[in-house]
1. What's the total number of residues in the range 203-220 that are touching a helix residue (DSSP H, G or I) at 6+ places or on another chain (Cβ under 8 Å) and either open to solvent by 90 Å² or more (accessible area, probe 1.4 Å) or among the charged types (D, E, K, R) (or both)?
2. What pairs can you find where one residue is in the range 146-174 and farther than 15 Å from W108 by Cα, the other is acidic (D, E), and their Cβ atoms are less than 6 Å apart, with a gap of 6+ or different chains?
3. Can you confirm whether A8 is open to solvent by 90 Å² or more (accessible area, probe 1.4 Å) and either under 14 Å from L120 (Cβ atoms) or at pLDDT below 95 (or both)?
4. Among the helices (runs of 4 or more DSSP H) confined wholly to the range 134-219, which include 1 or more residues that are farther than 29 Å from I103 by Cα and within 17 Å of the chain's Cα centre (by Cα)?
5. Output the residues belonging to the range 16-37 that are under 14 Å from the mean Cα position of the chain (by Cα) and surrounded by fewer than 18 Cβ atoms within 10 Å (Cβ to Cβ).
6. Please enumerate the residues belonging to the range 125-138 that are surrounded by fewer than 16 Cβ atoms within 10 Å (Cβ to Cβ) and aliphatic (A, V, I, L, M).
7. The conditions are (1) β-branched (V, I, T); (2) assigned to a loop (DSSP other than H, G, I, E, B); (3) at pLDDT below 95, and I28 fails exactly one of them. Which is it?
8. Farther than 11 Å from T36 by Cβ, modelled with pLDDT under 95 and among the hydrophobic types (A, V, I, L, M, F, W, C): does that describe V93?
Amino acid sequence: MSACNGYAVSVAEMRSFFCDEAVKYPEITSDGKIDTKQFLQASKSIVRMFDFFGRGMATVKYDVNGNIEKLEKKFNADPKRFKMLNDMIRSEVDDVTSTKQAIEALLWLKRALEYTRLVLRCLVDDHKSGRKTENLVPFCTMAYEQTLKRYHGWVVQKLCALSMRGVPWRKDFLKSLAYDREGMEDVVIIDMEEFLETLDANVVIVIKMYDDWGLNSDKTI
């Protein structure tokens, strides 16, 4: 059974940010496809979560927003044809005249989601181990080095390093995810771990898609 109650409720009734239906990534279909609209809706919610990090996620937030907008523009051009994210990307692969804008946008969004899930996974594992490390900068730095850093030039790397110094303390971040309620850390971690299951499943499919179709790039910005 879900850690959240599964019903549409107000923010006041939600046990944590992760109980909002809009936050949840879609279930993968039996043929390994992702619902585009639900995927983008959930990714927008990731942007909202970045707000709880304050200026610590400012650079990543800006990038994610821009890439979601590009993917939405492509999806809205033909919602029926592009109902599944896989089909939308495949359409650009097969179109020799395409600018490949959706391919590039999803590539960068994938990287940001890989970064996000690694930060959250560190939080979950650290909490479950009993350490409950308050300084989140090392988690954010490690996740950045493993996911995004290699694709950033020197200037962007410095901007990201500077912004990450502004991440809140662990207790403050978790309290924000519980909508400022006290004594909810264990609950938030349970909900976060459940959220990570669907996020992980979606990211794995996107990674496979890009690997199978040769869409990865080492180009830096």
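1. From the range 203-220, those touching a helix residue (DSSP H, G or I) at 6+ places or on another chain (Cβ under 8 Å) are 203, 205-207, 209-210, 213, 215-220; that's our starting set.
Now drop any that are not either open to solvent by 90 Å² or more (accessible area, probe 1.4 Å) or among the charged types (D, E, K, R) (or both), which leaves 218-219.
Result for the range 203-220: 2.
2. Within 6 Å, the pairs are W169/E134; R170/E134; L174/E185.
3. On the way: open to solvent by 90 Å² or more (accessible area, probe 1.4 Å): yes; either under 14 Å from L120 (Cβ atoms) or at pLDDT below 95 (or both): yes.
Spelling it out, A8 is indeed open to solvent by 90 Å² or more (accessible area, probe 1.4 Å) and either under 14 Å from L120 (Cβ atoms) or at pLDDT below 95 (or both).
4. On the way: elements: 137-147, 154-164, 170-177, 185-212.
By residue number, 170-177, 185-212.
5. Matches in the range 16-37: A22 only.
6. Looking only at the range 125-138, we keep the residues that are surrounded by fewer than 16 Cβ atoms within 10 Å (Cβ to Cβ), and these are 125, 128-135, 137-138.
Across the range 125-138, the qualifying residue is only V137.
7. (3)
8. Working: farther than 11 Å from T36 by Cβ: yes; modelled with pLDDT under 95: no; among the hydrophobic types (A, V, I, L, M, F, W, C): yes.
So V93 does not fit the description; no.
The values are calculated or read from the model by the stated rules, or taken from the named source; none is laboratory data. Model, not experiment: these values are computed from the prediction. Don't worry about glycine lacking a Cβ; one is built from the backbone with ideal geometry, like all the others, and counts go over all protein chains shown. SASA here: full protein model, heavy atoms, side chains in, ligands and nucleic acids out. Shrake-Rupley method; radii C 1.70, N 1.55, O 1.52, S 1.80 Å.
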